[in-house]
Every structure is written in structure tokens, then in C-alpha cells.
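Below: one structure, written as C-alpha cells.
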Amino acid sequence: MIRIIGHIDIDYFYAQVEEVENPSLKPRPVIICVFSGRTEDSGVVSTANYVAREFGVHSGMPIALAKRKLMGKDPAVIRMDHEKYEVVSTRIMEDLEKRVDLLEPTGIDEAFFDLTTSAGDFNRARKDAESIKASILRNEHLTCSIGLGQSKVVAKLASDTAKPGGLTVISPDLTEAFLSPLPVSKLYGVGPKTATALNEMGIKTIGELARASPAELESRFGRKFGGYLLSASLGTDPSAVVAGLEPTQFSRILTLKHDTRDPLEAYDRLSEGIDYVQGKLASSGKASKTITAIGILADLSTRTKSKTFDAPIADLATIRETTLSLFEELSKTIEKDFRRVGVRVSGFEKAEDQTSLSEFVRPTG
Ligand code: TTP
Ligand code: CA
């Protein structure tokens, strides 16, 4: 049976979330920074919007270097707020989950999904992907890139091709023509070392890899990885979309009857959120190390404040007290009233590893 697999990736995620919150940033270069605190500019760029990328700025670059490249370009230098991006990510994943047969989040802003049963063919799957894009745009004002294909490797490459903002559909009849000319380094799991080894064997493109001798690949890379390389190059890598991955957090955000900055006035709604996350902890037998108070203000910007414990907690009293005192602190820092309030528990004990595409791939690549 032909599978219909999708890969979705939000465009310049952290920077785009900041643009949504403050649209005046859009025409400016935006860099999201993780400051190490050693000196004023020590640290790295976590991500940058496409305006900043035009000037050669990218993820992982020292902040000082990025600033130099953006000198005179009116850059917006923004401190990374991971909690805020988690809130947006959770909403997107929850919406996605309802729109696909299976959803496998693989990062804060990306996921594989399966549409084989509900869509039935690639034409209908294209329509589904279009409505996913429209939904994220309508609800979050964010653009994303989606790729569809017959395997995870094809879907991932298709979404890379679609960046930014596009939709690339590689139906089975297009797969060979799509994959063949690409360099082997584009394949998921092929890092610089594997690429060099393949090049030394005279294999530069995915098409050449697809025609390579299976025995030679297995003797050079081992049965498992050699087999993976061959199937990936043919677009027949077998790995399935694995849904229901162990949750890494529980959260609930509720809309207030009236905007307020008084945590006690927001308490009734907040209490529903606290009961919900505590119930999820109890029913899943988990305990959490981090509690986060989430406030969405009247201008729809998101503010968070977290506390991390040395040992995981799960009891209602601690979650209540902590959430309320976090809200008291948060309310002192805001310039507008809360419109929505919420709570998140995270930092669970690590769950067992799941079967995934990465199982086939050697860690060193
Ligand atoms: P990516 O999806 O790799 O990058 P992106 O969303 O910023 O840009 P695009 O998809 O349009 O190419 O990563 C998702 C988020 O992860 C990104 O917004 C910030 C974070 N990130 C880091 O913190 N450090 C990094 O080195 C990378 C690559 C990403
Ligand atoms: Ca992304």
C-alpha cells in the first residue's frame, strides 16, 4: 500500500512568533538570542528571520558577529523566551492532531504526520495540507512549510524544498525524479562523514545511491545503515509515523470573563487549569519538576514565569501555591491586563525511547 506521509515545519519559528506579537518587527532583521551572561554580547543566535538571513546571519552564530553583520540595518535583538514558544507549539500540535490520522512531533516546530487513511490519495492529501496551513495562519498568524511524500525521507525533503511558506507534494510518480538529482548529503541521517564515504565510492547523488550495489553498501556501512541508505534513496524507507509519543508537558489556558491583572480575580479560571494539569499528572503517573504560569495579555502577547524544583512534584497543593505565587510575580511585570491565564507542568521523568527514523541512523552520521 502507498502511504501518504507529511512533514510540517514552521518558518523561522522563534523569530516569527516574536513578529506576530510585535508586527512592527517584520521589515527589520530579527535575531533571537541566547545570552550566556559572560559579557554583554556573549552567546549565540538561536534563530533569525529571513530579513536577517539575507545579511548572512544564521542559527548558532555568535551574537557579536550577527550584530556586526547587521550594523546599520536597525536589527531587533530579542532574548529567547522558550516558554512562550512552547505555548504556541502546544496549541499548533493540538490542532494538528485533530486533522491527521497520526501525528509524531519531532521538535518544537516540526512533526511528521500520516494521512494515508483519511485522505486516501495525494490530491485529497494536498487539500488537507492546504487547510492545515490555512488553520495555522488563521489561528496563530504563522506561516509554515509542508511536504508530502510516500515515506518520511521524501516528506522531509519535500518540506525543505517548500521553505519558506510553501507546500511541496511529491506523489509516487514524481518521487524518482525528485530524489535522483539531489546530493546524498540531503538525505536524513547522512552527515558529512557518510557523505564523504559515499563520495569516495563514486556516489554523489541520491540517484547514484539508488543504483549502488546493495552488497557494497552493506559491507561499507553495515546491514542496518546500508539497508536504510538504499531504501531512503528509493523513497521506500519503511519507518512509520509513531503517534502518541510520551507527552513532555501538560498545559491548559483559559479565557477570563473580564480582563484583569489581579491573580485572585483570575483564580476561578486558573483553578480549572490547575485541576486539569494535576489530573493529567495523576492519571499518567507522572511528576513534574517545572511549573509555568502563562498569561496572555489584552494585546494577545504571551508572558510566562516558571519555577523548577529539585525533585519532581505532583500534588495539588504545591501546584496551586506555586502557580499562584508565580502569577503574583508575573502580574507585577505586565503593562496590560491578563485576558487568558494558564498553567503548564513539564520536566517529567524521561520516558522510554520510541522507535523512530533516528533508530536507523548512526549518531555520528
Ligand atoms: P528550525 O526549524 O531548524 O529553524 P527555524 O524554524 O528558525 O527556520 P526555518 O525552519 O524557516 O529554516 O528550528 C526551529 C527552532 O529551533 C528555531 O526557531 C530556533 C530553534 N533553534 C535553535 O535554538 N538553535 C539552532 O541551532 C536551530 C537550528 C534552531
Ligand atoms: Ca522551522
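The values are calculated or read from the model by the stated rules, or taken from the named source; none is laboratory data. Treat the numbers as computed from the prediction; the structure is a model and nothing was measured. Quick reminder, even Gly has a Cβ in these numbers, built from the backbone with ideal geometry, and neighbours come from all protein chains shown. For the accessible areas, the whole protein counts, side chains as well, though only heavy atoms, and no ligand, DNA or RNA atoms are used. Shrake-Rupley method; radii C 1.70, N 1.55, O 1.52, S 1.80 Å.
Here is a yes/no grid of residues against (1) more than 8 Å from ligand 1 (Cβ to nearest atom); (2) closer than 19 Å to Leu137 by Cα; (3) at pLDDT 95 or above:
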position: Ile2; (1), (2), (3): yes, no, no
position: Glu19; (1), (2), (3): yes, yes, yes
position: Pro27; (1), (2), (3): yes, yes, yes
position: Cys33; (1), (2), (3): yes, no, yes
position: Asp41; (1), (2), (3): yes, no, no
position: Ser46; (1), (2), (3): no, no, yes
position: Ala52; (1), (2), (3): yes, no, yes
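Those helices (runs of 4 or more DSSP H) of segment 1-84 in which at least 2 residues are open to solvent by 60 Å² or more (accessible area, probe 1.4 Å), considering only elements entirely within it, cover 50-53, 63-69.
Give me the pairs, please: first residue somewhere in segment 57-81 and on the phi > 0 side of the Ramachandran plot, second residue anywhere and within 16 Å of ligand 1 (Cβ to nearest atom), beta-carbon distance under 8 Å, and either six or more positions apart or on two chains. Filtered contacts from segment 57-81: Gly60/Val44; Gly60/Val45; Asp74/Pro29.
Would you confirm whether any residue within segment 59-81 is within 16 Å of ligand 2 (Cβ to nearest atom), under 30 Å from Val241 (Cβ atoms) and in contact with a helix residue (DSSP H, G or I) (Cβ under 8 Å, 6 or more places away or on another chain)? Yes, segment 59-81 contains a residue that is within 16 Å of ligand 2 (Cβ to nearest atom), under 30 Å from Val241 (Cβ atoms) and in contact with a helix residue (DSSP H, G or I) (Cβ under 8 Å, 6 or more places away or on another chain). Number of residues in segment 119-141 that are surrounded by fewer than 17 Cβ atoms within 10 Å (Cβ to Cβ), within 16 Å of ligand 1 (Cβ to nearest atom) and closer than 25 Å to Ala293 by Cβ equals 1. As a summary of the residue check, Thr175 satisfies the conditions (1) in a helix (DSSP H, G or I); (2) without any contact (Cβ under 8 Å) to a residue 40 or more places away in the chain except for the one numbered (2). When you scan segment 205-216, do you find a residue that is buried (at least 17 other Cβ atoms within 10 Å of the Cβ), within 25 Å of the chain's Cα centre (by Cα) and part of a loop (DSSP other than H, G, I, E, B), even just one? No; the residues of segment 205-216 include none that is buried (at least 17 other Cβ atoms within 10 Å of the Cβ), within 25 Å of the chain's Cα centre (by Cα) and part of a loop (DSSP other than H, G, I, E, B). Checked against (1) touching an Asp or Glu at 6+ places or on another chain (Cβ under 9 Å); (2) in a helix (DSSP H, G or I), Ser145 passes all but condition (2). In this structure, Pro238 does not satisfy being in contact (Cβ under 8 Å) with a residue 40 or more places away in the chain, open to solvent by 30 Å² or more (accessible area, probe 1.4 Å) and under 30 Å from Ser346 (Cβ atoms).
Let's see how each residue does on (1) open to solvent by 20 Å² or more (accessible area, probe 1.4 Å); (2) at pLDDT 95 or above:
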{"position": "Val154", "(1), (2)": "no, yes"}
{"position": "Ala158", "(1), (2)": "no, yes"}
{"position": "Thr175", "(1), (2)": "no, yes"}
{"position": "Ser185", "(1), (2)": "yes, yes"}
{"position": "Pro192", "(1), (2)": "yes, no"}
{"position": "Met201", "(1), (2)": "yes, yes"}
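All of (1) part of a loop (DSSP other than H, G, I, E, B); (2) open to solvent by less than 40 Å² (accessible area, probe 1.4 Å) hold for Phe250 with one exception: (1). Restricting attention to segment 253-288 and to residues that are hydroxyl-bearing (Ser, Thr, Tyr) and outside any strand (DSSP E or B), the residue that is nearest to Glu329 (Cα to Cα) turns out to be Tyr267. Against the definition (of a type in the set (Val, Ile, Thr) and over 18 Å from Thr90 (Cβ atoms)), how does Thr322 come out, yes or no? Yes, satisfied.
Scanning segment 46-67 for residues that are within 17 Å of the chain's Cα centre (by Cα) and within 13 Å of Ile78 (Cβ to Cβ) turns up Ser46, Thr47, Ala48, Asn49. Note on segment 314-353: residues that are open to solvent by 80 Å² or more (accessible area, probe 1.4 Å) and either within 30 Å of Thr196 (Cα to Cα) or modelled with pLDDT under 85 (or both) amount to 4. Restricting the first member to segment 267-282 and to residues that are of a type in the set (Ser, Thr, Tyr), and the second to residues that are assigned to a helix (DSSP H, G or I), the beta-carbon pairs closer than 8 Å and six or more apart or on different chains are Tyr267/Leu324; Ser271/Arg320.
Summed over segment 92-118, the residues that are assigned to a helix (DSSP H, G or I), closer than 21 Å to Arg138 by Cβ and either open to solvent by less than 30 Å² (accessible area, probe 1.4 Å) or within 16 Å of ligand 2 (Cβ to nearest atom) (or both) give a count of 3.
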